[in-house]
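Engineer: Starting off with a structure, shown below.
The values are calculated or read from the model by the stated rules, or taken from the named source; none is laboratory data. It should be emphasised that the depicted structure is a prediction, and the values quoted were computed from it without experimental measurement. Cβ atoms come from the backbone with ideal geometry, glycine included; neighbour counts cover every protein chain shown.
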Amino acid sequence: MAFKRALIFLGPPGAGKGTQAKRVAKQCGIPHLSTGDMFREAVSRGTELGRQVRPIMERGELVPDELVMQMVEERLSWPDCQGGFVFDGFPRTLPQAERLNGSLRARGFGDPKVVDFAVPHEKLMRRLTGRWTCSVGGEIYNIYDAPPKVPGICDRDGGKLVQRADDRPEVVRERLAAYDRQTRPLVDYYRQRGVLGSVDASGGIEEVSRALDRILQCAKGADVRL
Ligand SMILES: [Zn+2]
């Protein structure tokens, strides 16, 4: 196989890693594995796992490592994962990262290539709390960087703009604090293992894409083909 690589995109909410993970997955022909999407799907399909995580997600709590790992292990056993994959939103804790190492070794993968999407907090606050969505057509605005012509009203269809509960300032602050507490230690963990690259993700999508592609092409082993 020409390509066998586990990619991990690390970064706080609002860093744009989901957008990049989708793009890279498509270009490399590997699956994009978002644990958030997997849980939502398990819940909506009403699987055994879905029944277990539903009340946890409804309370807004973190899904326990054991359940996350069960779901990830199951997904990694699908044939489409044999050539590599890109994780988005996982691992989220140190125990998850350690369990993942063992799992990757068992599946014949080398060390993962990890990319840290670095964005200053004030920029993330602006991106997330500035995001308002049209209640009619779903258009997304940013009241700071891409505001509608008339405040609170969609340019295209005149729909009322609403803010997701998740994007309210007090909630965003809590989401960022949770990231710093639980997930940021992984940046040092992977740096010490020599598998971390860092991207300045404070710019626009095009700019971040170019910086990310440079990092992936320079990856040790140079087996990431874009
Ligand atoms: Zn609209």
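Engineer: Suppose we filter region 114-132 for residues that are over 19 Å from the mean Cα position of the chain (by Cα) and assigned to a strand (DSSP E or B); how many remain?
Structural biologist: 1
Engineer: Now for a separate question. State which residue is nearest to A201 (Cα to Cα) when the search covers only region 105-149 and only residues that are among the β-branched types (V, I, T), away from the ligand (no atom under 14 Å from the Cβ) and in contact with a strand residue (DSSP E or B) (Cβ under 9 Å, 6 or more places away or on another chain). Spell out how you get there, then give the answer.
Structural biologist: Just the residues of region 105-149 that are among the β-branched types (V, I, T), to begin with: 114-115, 119, 129, 133, 136, 140, 143.
Retained after the next criterion (residues that are away from the ligand (no atom under 14 Å from the Cβ)): 114-115, 119, 129, 143.
Filter once more, keeping what is in contact with a strand residue (DSSP E or B) (Cβ under 9 Å, 6 or more places away or on another chain): 114-115, 119, 143.
Numbers: V114: 14, V115: 11, V119: 5, I143: 20 Å.
Here the residue is V119.
Engineer: For V171, are the conditions met, namely being under 22 Å from G89 (Cα atoms), more than 16 Å from the ligand (Cβ to nearest atom), surrounded by 13 or more Cβ atoms within 10 Å (Cβ to Cβ) and modelled with pLDDT of 95 or more?
Structural biologist: Values: under 22 Å from G89 (Cα atoms): yes; more than 16 Å from the ligand (Cβ to nearest atom): yes; surrounded by 13 or more Cβ atoms within 10 Å (Cβ to Cβ): yes; modelled with pLDDT of 95 or more: no.
In short, no.
Engineer: Among the numbered criteria (1) under 20 Å from G18 (Cα atoms); (2) part of a helix (DSSP H, G or I), which one does P95 miss?
Structural biologist: That leaves (1) as the condition not met.
Engineer: Related question: For residues that are of a type outside the set (S, T, Y) and in a helix (DSSP H, G or I), tally how many sit in region 98-113.
Structural biologist: Residues meeting the conditions: 8.
Engineer: May I ask you to list the residues in region 21-31 that are surrounded by fewer than 20 Cβ atoms within 10 Å (Cβ to Cβ), more than 16 Å from P79 (Cβ to Cβ) and in contact with a helix residue (DSSP H, G or I) (Cβ under 8 Å, 6 or more places away or on another chain)?
Structural biologist: Within region 21-31, R23 is the sole residue that qualifies.
Engineer: Another question, then. Got at least one residue in region 151-162 being within 16 Å of the ligand (Cβ to nearest atom) and basic (K, R)? Write out each step before concluding.
Structural biologist: Pass one, region 151-162, residues within 16 Å of the ligand (Cβ to nearest atom): 151-162.
From what is left, the residues that are basic (K, R) are 156, 160.
Checking region 151-162: at least one residue is within 16 Å of the ligand (Cβ to nearest atom) and basic (K, R).
Engineer: For the list (1) within 17 Å of the chain's Cα centre (by Cα); (2) modelled with pLDDT of 95 or more, I need the number of the one condition that G159 fails.
Structural biologist: For G159, the failing item is (1).
Engineer: If you go through region 62-73 one residue at a time, do you hit one that is in contact with a strand residue (DSSP E or B) (Cβ under 7 Å, 6 or more places away or on another chain), touching a residue at least 12 places away in the same chain (Cβ under 8 Å), in a helix (DSSP H, G or I) and farther than 28 Å from L124 by Cβ?
Structural biologist: Within region 62-73 (the criterion being in contact with a strand residue (DSSP E or B) (Cβ under 7 Å, 6 or more places away or on another chain), touching a residue at least 12 places away in the same chain (Cβ under 8 Å), in a helix (DSSP H, G or I) and farther than 28 Å from L124 by Cβ), the answer is no, since none of the residues qualifies.
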